[in-house]
Amino acid sequence: MARVSDDLLLAAQSGDRHALTQLLVALQPDIRRYARRQCHRTSIIEDVVQEALIVVYRRVGTVRSPAALAGWLVTVIARLCMLPALMLMRGVEELTSLEESRELAKVPPDELRMDLVNAIESLSPSDREVVLLRDLEDLTIGEIAGRLGVTREAAKSRLRRARALVREYLLGTTDNGREST
């Protein structure tokens with residue numbers, strides 16, 4: 001990984017926009033290289049690179065030191081590459097019937113991953129944010145509520161609604177369960 005100076009990281013963490021830009025430019029080749037190693041589909045590498053840069057931009061303040069930066073980036077990229085699997089494990093697709101489960105089982109995994117990315121992109125910015133905070137950044141409901149300035153119950157409700165919308169998108173249904181046209 002490109003050596004990031006302590007001063008550059010500290011300046012970026014303190015809000016210096018120029019330093020943050022320099023940091024993002026310096027990290028981009030390493031992020032791309034990590035994404036090539038971690039992601040099984042080459043078609044998502046550029047998306048992962050862009051999302052990883054956004055995560056660095058938003059969360060650079062959580063990095064303890066330049067020495068910890070590489071490990072943190074590897075974790076971020078691995079999660080981005082595995083986002084569909086993380087979402088599945090967290091119950092995004094809490095299927096309401098065996099038939100829905102069979103329907104999704106027929107979809108090739110790579111196609112399902114892309115469908116999941118499209119489903120997340122179809123969400124409103126607030127719904128997308130709550131899903132990404134929980135399933136990508138691994139924040140607790142309490143942390144999400146604090147970040148969004150809402151109650152824990154509101155955060156849970158938003159997450160439940162966003163996950164239901166993702167499920168509906170994946171299954172091609174509307175709220176009433178009939179197929180969309």
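In the range 135-148, which residue that is at pLDDT 85 or above and in a helix (DSSP H, G or I) is most open to solvent (accessible area, probe 1.4 Å)?
Ranking the qualifying residues of the range 135-148, first place goes to 147.
Quick one: residue 127 ticks every box in (1) modelled with pLDDT of 85 or more; (2) surrounded by fewer than 18 Cβ atoms within 10 Å (Cβ to Cβ); (3) more than 25 Å from residue 10 (Cβ to Cβ) bar one, so which box is it?
Evaluating residue 127 over (1) modelled with pLDDT of 85 or more; (2) surrounded by fewer than 18 Cβ atoms within 10 Å (Cβ to Cβ); (3) more than 25 Å from residue 10 (Cβ to Cβ) leaves (2) as the failure.
Just the residues that are surrounded by fewer than 19 Cβ atoms within 10 Å (Cβ to Cβ), farther than 21 Å from residue 133 by Cα and either modelled with pLDDT of 85 or more or in contact with a strand residue (DSSP E or B) (Cβ under 8 Å, 6 or more places away or on another chain) (or both), please, taken from the range 33-67.
33, 36, 37
Answer with yes or no whether residue 20 is at pLDDT below 85 and in a helix (DSSP H, G or I).
Considered against the rule, which asks whether it is at pLDDT below 85 and in a helix (DSSP H, G or I), residue 20 comes out as no.
Can you say whether residue 115 is within 20 Å of residue 79 (Cβ to Cβ) and assigned to a helix (DSSP H, G or I), as far as the supplied structure shows?
Answer is yes for this residue.
The values are calculated or read from the model by the stated rules, or taken from the named source; none is laboratory data. Here the structure is a predicted model, which is why all the values come from computation and not from measurement. Here Cβ is always computed from backbone atoms with ideal geometry, including for glycine, and neighbour counts include all displayed protein chains. The accessibility values were calculated without ligands, DNA or RNA, using every heavy atom of the protein model including side chains. Shrake-Rupley method; radii C 1.70, N 1.55, O 1.52, S 1.80 Å.
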